[in-house]
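In what follows, a single structure is set out as structure tokens and then discussed.
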Ligand code: GAL
């Protein structure tokens with residue numbers, strides 16, 4: 001049985017996103033870099049893209065937003081493995097910096113519209129893929145690859161459903177990230193005799209105690225507005241429960257519901273406990289506050305784990321602790337990064353060769369321990385993962401799965417763009433009624 005219950009089915013009803021996904025707009029609701037601006041300040045790794053090989057050579061261009069701390073180590077390990085397997089195929093790492101695709105999504109939209117698709121690109125399973133690029137007719141089905149590799153029973157059915165529509169499979173999931181994680185500094189918690197809060201009441205008690213000690217209770221870095229939306233969706237989940245949260249995306253629950261207002265009030269109260277400079281920091285900068293004890297907690301997807309244990313060399317359950325965000329025990333906000341085969345590319349065989357490695361046990365186990373995510377495959381080598389990874393794999397098997405809004409699965413890019421704007425304004429003015437009306441408007445334009 002599909003553990004997303006109902007939501008997946010409703011995806012097929014979401015029709016309005018194809019256009020908005022291809023509109024070239026910044027999906028994160030900020031002015032953002034235009035494709036040309038991004039091109040003028042490319043991230044280090046995209047330098048590799050400038051040296052195109054002589055015509056006739058085999059190559060695969062991999063487009064993502066995985067650059068910099070906590071993001072690129074997994075990708076590099078995967079590329080390294082691919083190079084070992086396929087030394088004749090040149091890899092072009094065309095990553096565009098910016099968390100959650102802040103800039104990359106706009107660059108991608110521009111390239112897809114201009115008839116210049118990358119060989120393969122990072123895309124979230126769910127609405128972003130199916131109602132976006134697939135509905136727009138920009139992708140090739142890859143059922144043959146799944147059959148040839150024997151993958152149909154190697155990935156959980158829930159995940160295959162997230163990358164399928166119209167009877168075809170459109171991409172290969174490389175990972176499963178969990179979005180509803182509260183990270184905390186162990187030393188700060190231990191020294192103050194605190195336990196990870198499991199409810200919102202406990203959260204505010206802990207936050208008060210920390211504030212009294214002069215420690216910033218909650219770190220936030222919403223320079224890229226998606227980070228605030230990310231926090232808010234976990235509050236929505238903790239307030240509405242898995243069923244109620246899913247119903248928001250199927251239209252069964254209105255944004256005018258009292259529970260949504262309650263979630264907004266809770267989120268607003270949380271804003272009273274964040275670092276003053278939150279609008280100047282990105283997610284890594286916010287995680288760093290927790291790592292060095294200036295702040296006690298933050299809410300972020302488990303790419304933060306990749307950052308803590310990779311770049312910052314911290315150990316799970318020793319230096320940092322983790323728990324489901326308040327009210328979300330037994331729930332799992334699913335974020336899956338996937339890669340597919342765009343239409344009209346020059347060397348589809350090389351892309352399929354890359355997808356084959358990305359979807360293999362070896363590929364997943366090279367990528368995920370560094371990225372902080374768990375493997376999408378069910379038969380990966382558990383011993384390669386730390387205590388956090390092992391526990392998360394177990395949680396995934398039994399938890400109620402819910403699709404992330406901030407990371408493209410729950411709703412269209414059009415809705416997400418507007419939601420990011422609504423939250424961004426709400427963080428500044430705290431006007432609950434205005435936020436409800438903003439969501440309502442976005443839902444009527446983009447959800448049904
Ligand atoms: C998400 C993506 C993750 C991670 C994160 C921060 O959208 O799925 O893999 O990269 O953004 O950039």
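We did not get these values from a lab; they are worked out from the coordinates using the rules stated. From a predicted model like this one, the values you see are computed outputs, not experimental measurements. All Cβ positions, glycine included, derive from the backbone under ideal geometry; neighbour counts span all protein chains shown.
Between 0 and 90 degrees, the angle of helix 226-250 with respect to the longest Cα principal axis of the chain falls at about 90 degrees. Considering only alpha-carbon pairs that sit under 8 angstrom and 6 or more positions apart, the relative contact order computed for region 369-448 is 23 percent. Built from the Cα atoms of region 290-448, the convex hull projects on average onto 12.9 nm², one quarter of its surface area. Which values of log₁₀ I(q)/I(0), to two decimal places, follow from the Debye formula for region 299-389 at q = 0.12, 0.16 Å⁻¹ with a uniform point scatterer at every Cα? The Debye formula, applied to the Cα set alone, gives -0.48, -0.77. Gap in Å between the Cα centre of region 241-280 and the Cα centre of region 170-206? Using only Cα atoms to place each centre, the spacing works out to 17 Å.
Considering only 333, 300, 271, give the residue with the highest GNM mean-square fluctuation for the chain, with springs between Cα atoms whenever their separation is below 10 Å. Maximum fluctuation in the GNM of the chain, among the listed residues, is at 271.
Dividing the alpha-carbon radius of gyration of region 59-187 by the rule-of-thumb value 2.2 N^0.38 Å gives 1.15.
For region 307-359, treating each Cα as an identical point scatterer without solvent, what Debye log10 I(q)/I(0) comes out at q = 0.17 1/Å? The calculated log intensity ratios at q = 0.17 Å⁻¹ are -0.79. Residues 354, 200 in ascending order of nearby Cβ atoms (within 10 Å, fewest first): 200, 354. Normalising the average separation of contacting C-alpha pairs (under 8 angstrom, six or more residues apart) by the number of residues puts the relative contact order of the chain at 28 percent. For residue 394 and residue 201, FRET efficiency with R0 = 30 Å and r from the beta-carbon atoms, rounded to 0.05? According to the calculation, E is roughly 0.65.
Shape annotation for region 105-264: C-alpha extents along the principal axes are 58, 37, 36 Å, from largest to smallest. What's the angle, to the nearest 10 degrees (0 to 90), between helix 200-212's Cα axis and the longest principal axis of the chain? Roughly 70 degrees between the two axes. The long axis of helix 432-446 is offset from the longest Cα principal axis of the chain by roughly 20 degrees. In the chain, the C-alpha radius of gyration followed by the widest Cα-Cα span (Dmax) gives 20.6, 66 angstrom.
Given the Cα atoms of region 218-264, and with Rh set as the inverse mean 1/r over their pairs in the Kirkwood sense, what is Rg to Rh to two decimals? Looking at region 218-264, the ratio lands at 1.03. Taken over region 152-235, the percentage of Cα pairs per 10 Å bin, counting from 0 up to the bin with the maximum distance, is 13, 31, 25, 17, 12, 2.
In terms of other Cβ atoms within 10 Å, 361, 432, 188, 299 run from fewest to most in the order 361, 432, 188, 299.
Between residue 58 and residue 252, the simple label model (points 7 Å from Cα in the Cβ direction) yields a spacing of 4.8 nm.
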